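Down below is the structure, laid out as C-alpha cells.
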Amino acid sequence: MATAGKSALTARAEDFPRWYQDVVARAELADNGPVRGTMVIRPWGYGIWERLAAALDERIKAAGAANAYFPLFIPEAFMQLEAEHVEGFNPELWVVTHGGGKALEAPVVVRPTSETVINYYFAKWIQSHRDLPLLVNQWSNVVRWELRPRLFLRTTEFLWQEGHTAHATEAEARAYALRILTDVYQETIVDVAAIPVLVGHKTARERFAGAVRTWTCESMMGDAKALQMGTSHELGQNFAKVFGTQFSDTDGSLHYPWQTSWGASTRLIGALIMAHGDDFGLRLPPALAPVEVVVLMVRDDEGVRRAAVQLADDLRRAGRRVHLDDRTDTGFGRRSVDWELKGVPARVEVGPRDLAEGNVTLVTRHRRTKEPVALRRLLDAVGDLCDRAAGELRDEALAFREARTVEATSLEAAIDAGASGFARVPWAEVGEDGELQLAGESLTVRCLQRPDGTLAAAGESDDALVAVVGRAY
RNA sequence: CGGGCUGUGGCGCAGCUUGGUUAGCGCGCUUGACUGGGGGUCAAGAGGUCGCGGGUUCAAGUCCCGCCAGCCCGACCA
C-alpha cells in the first residue's frame, strides 16, 4: 500500500537546487553560518556525519594509518614552496594578518589542506628506511575562499579527513593510494552510503595541485550531474623535495620518499541528499541513519503508550537505533512528514486500530509503502527492511545512472550527451584541446578509466582509456 | 572582478508607481478547546529600529542622494 500525502518540498523535477536547499532546511541538516559561506551542521546532519566518519575511520585504520592532529595555522611561507600547490591554492587562501591586536611579523595561513605542515614534520621524522612507511590521517576542518557556497557541497569551512603517507618506493606509494581509493572510499560510498561510483584518474587539468596523479570516485546525482566523492593522490616526490625529506636506505644511500594524500569530506552528506532524496525528503541508508526506526504513537490512549514503549524497547534490545515519538500533542500528519523529511528508514505506527488486531503499521521510507505487521513479527520485519534498504537505494541510483549514460564515439556526441548525463567517450577523441572545448560547454572529464570501468595499471598509457564526461558540482 | 536584482515580525512576501488615520497577508510561534491512521479545525494572543545614514516635505516604508549587505548570471574548487 502506498502512503498518501503531498510533498512538503519543491518538486525535484521543478527546481533541483531549490529542492536541495529545502531538504537541507526541512530535514534540519544544516543552516548557513553568520559569515558568508560558513555552515552550521545541525544535530541531525552531524549524526549522519558521525556515522559516515566512523565508517571511513574504521577502514582507514584497517589500511594501517593512524590518526594525528596538525595545526590550523600554517606559516605562509610553507604554502609557497611547491610550485603547483602554490598556484592551485593561492586564490583560495584565508590569511591571518593580525593577532593580539597587532600586525603579525609573518602572516599565517588558515589551512586549506595540510600537505605543507605535515611534510614539514615528515622531514623531521623520516630519517631511515625503518621510518617508512609513515601513514597518518587527520580529522579536521579546512578553510577555502569560495565564490559560490552551497551547504555541504561547497562551503568556506568544511570538515574532512586528510591522509598523508610516505613510502620508500614509487610502486608502494601508488599501491597505497589505490588501496585507499578502493578499500576506504569506494567501499564506504558504495556499501555504506549505497551510492554507486565510477573510479578512475583525473586528467592533468583536473588533478590535485601538486600531485602527479589523482584517483577519484565519481557519482551521479539525481539531476544527472557528477559529484566527486573522494580523491586519492600520488604526490611523487614533489613535496619531499621542497621540504628536504630524505631517508637513508639499507645501503646508506639517501632518497626522497614517495608520498600520497587523500581526502573525503562533509560533501558526502550533500551526495547522500542528492543521490537518494526524493520529493518527500531525505532517504537514508540504515547504516548512516542516526535513527533507523521511529516508533510513532498515533494517540495516547487504549494502551498505545504501553505497547509503543515495549516495542521501542524490544527494537533497542535487538540492536536497532530507535526513537519513540510520543508527541501526541502534535498532529499525526505533521509527525509523519517530519520523519519522512529526515529520511528515517523505518517507521512503526502504533494506534488503537492496529493493536485491536494485534498489529502495528510498518512504513518503509524509501519505497513509501505501509503494511500491517503482526506484533510478534515486527523485529524480523524491521530487520528485513533495514537489510534490504541500502541495496534497493543503490540499485535505484545505479539504474538512473545507467539510463543517463551514453557511449559516445566523438567529442561532439559527448558534448551532446553530457548536457543530460554522462558520456563515455574514448580519451583519444578528447585530448587536452577537447577538454578546453568541453569547458566551454560547462562540461569536464570526470575521470579516465578502462573501457570496462576498471582502473588503469601502472605505466598504462591514457590513449586506450575512456573519458567520463559530464556536468559537475 | 563585469552584468541584472533585492533589502518590510523567525521564514516567504504585499504595500512604494500617485507620500497622509492604527504597516498588512501566508507560514511558523504561544495559549486553550475540539481533534487525532499523512502538515486537522476553531478561538484568543505574542512578535516590526520598514538594511544604515543624510536630504526634500506640515508629513517618508513610499520621493532624492550616498553607503552597507545579500541574491542571481559568467572564470576556480573536497
* May I ask which residue of A:Thr260, A:Phe239, A:Ile48 lies farthest towards the positive end of the charge dipole of chain A, with charges of +1 (Lys, Arg) and -1 (Asp, Glu) on Cβ and the Cα centre as origin? => A:Ile48
* Structure fact -> Averaged over all viewing directions, the convex hull of the alpha carbons in the range A:188-306 casts a projected area in nm² of 13.1 nm²
* Report P(r) for the range A:123-175: all Cα-Cα distances, bin width 10 Å, range 0 to the bin holding the largest distance, values in whole percent. => 20, 32, 23, 21, 3
* Structure fact -> Here, the range A:123-243 modelled as identical Cα point scatterers in vacuum has Debye log10 I(q)/I(0) at q = 0.18, 0.20 Å⁻¹ of -1.13, -1.33
* Asked: Roughly how many nanometres apart are two label points built 7 Å out from the Cα toward the Cβ at A:Arg205 and A:Glu357?
  -> 6.0 nm
* To do: Kindly work out what percent of the DSSP beta bridges joining two residues of chain A are antiparallel, to the nearest 5.
  => 80 percent
* **Within chain A: Cβ-based charge dipole about Cα centre, in debye rounded to nearest 20 (Lys, Arg +1; Asp, Glu -1)** => 1380 debye
* To do: Could you work out how far the C-alpha centroid of the range A:187-235 sits from that of the range A:340-391, in angstrom?
  => 36 Å
* Structure fact -> Quick calc, the range A:286-401, dipole around Cα centre from Cβ unit charges on Lys, Arg (+) and Asp, Glu (-), nearest 20 debye, gives 260 debye
* Using only alpha carbon positions, build the gyration tensor of chain A, then give the equivalent ellipsoid semi-axes as the square roots of 5 times its eigenvalues, largest first, whole angstrom. => 44, 26, 22
* Asked: Around A:Leu132, what is the net charge, scoring Lys/Arg as +1 and Asp/Glu as -1 over all other residues with Cβ under 12 Å from its Cβ?
  -> -2
* Structure fact -> For the A:Glu371, A:Ala457 Cβ pair and Förster radius 45 Å, calculated FRET efficiency rounded to 0.05 is 0.35
* Structure fact -> Total charge of the residues flanking A:His98 in space, meaning their Cβ is under 15 Å from its Cβ, with Lys and Arg +1 and Asp and Glu -1, is -1
* Asked: Can you work out the base-10 log of I(q)/I(0) for the range A:405-470 at q = 0.13, 0.14, 0.20, 0.28 1/Å, using the Debye formula on its C-alpha atoms alone?
  -> -0.29, -0.34, -0.67, -1.22
* To do: Fewest Cβ neighbours within 10 Å first, please rank A:Val466, A:Val350 accordingly.
  => A:Val466, A:Val350
* Charge dipole of chain A about the Cα centre (unit charges at C-beta), most positive-ward option of A:Ala83, A:Trp139, A:Ala318 -> A:Ala318
* Please list, in chain and number order, the residues 5+ apart from A:Asn359 or on another chain whose amide H is under 5 Å from its amide H, with Hs placed from the backbone. => A:Leu375
* Asked: When DSSP assigns beta bridges and you keep just the ones with both residues in the range A:286-401, what percent turn out antiparallel, to the nearest 5?
  -> 55 percent
* Structure fact -> Dividing the mean separation of Cα pairs under 8 Å (6+ apart) by the residue count of the range A:298-382 yields a relative contact order in percent of 26 percent
* Over chain A, what relative contact order in percent results from Cα pairs under 8 Å that are six or more residues apart? -> 15 percent
* **Size of charge dipole - the range A:20-125 - debye, nearest 20, with Cβ of Lys, Arg +1 and Asp, Glu -1, no other charges** => 320 debye
* Structure fact -> Straight-line reach check, A:Lys124, cutoff 30 Å on alpha carbons, 8 or more apart in-chain or any other chain, hits among lysines -> A:Lys61, A:Lys241
* To do: Would you please give the residues with an amide H less than 5 Å from that of A:Cys217, counting only those at least 5 places away or on a separate chain, with H modeled from the backbone geometry?
  => A:Met229, A:Gly230
* Structure fact -> Exposure-ranked with fewest Cβ neighbours within 10 Å first, A:Ser248, A:Ser442, A:Ser265 stand as A:Ser442, A:Ser248, A:Ser265
* To do: May I ask what percent, to the nearest 5, of DSSP beta bridges between residues of the range A:274-352 are antiparallel?
  => 10 percent
* Structure fact -> So, relative contact order of the range A:405-470 in percent, Cα under 8 Å, 6 or more apart, is 38 percent
* Cα-Cα P(r), the range A:286-401, percent of pairs per 5 Å interval -> 2, 12, 23, 25, 20, 10, 4, 2, 1, 0
* Structure fact -> With A:Arg306 itself left out, Lys, Arg at +1 and Asp, Glu at -1 over residues whose Cβ is under 12 Å from its Cβ give -4
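A short reminder: the numbers here are calculations on the coordinates, not readings from a lab. Because the structure is predicted, anything quoted here is derived from the model rather than measured. Please note: Cβ atoms are built from the backbone with ideal geometry, for glycine as well, and neighbour counts cover all protein chains shown.
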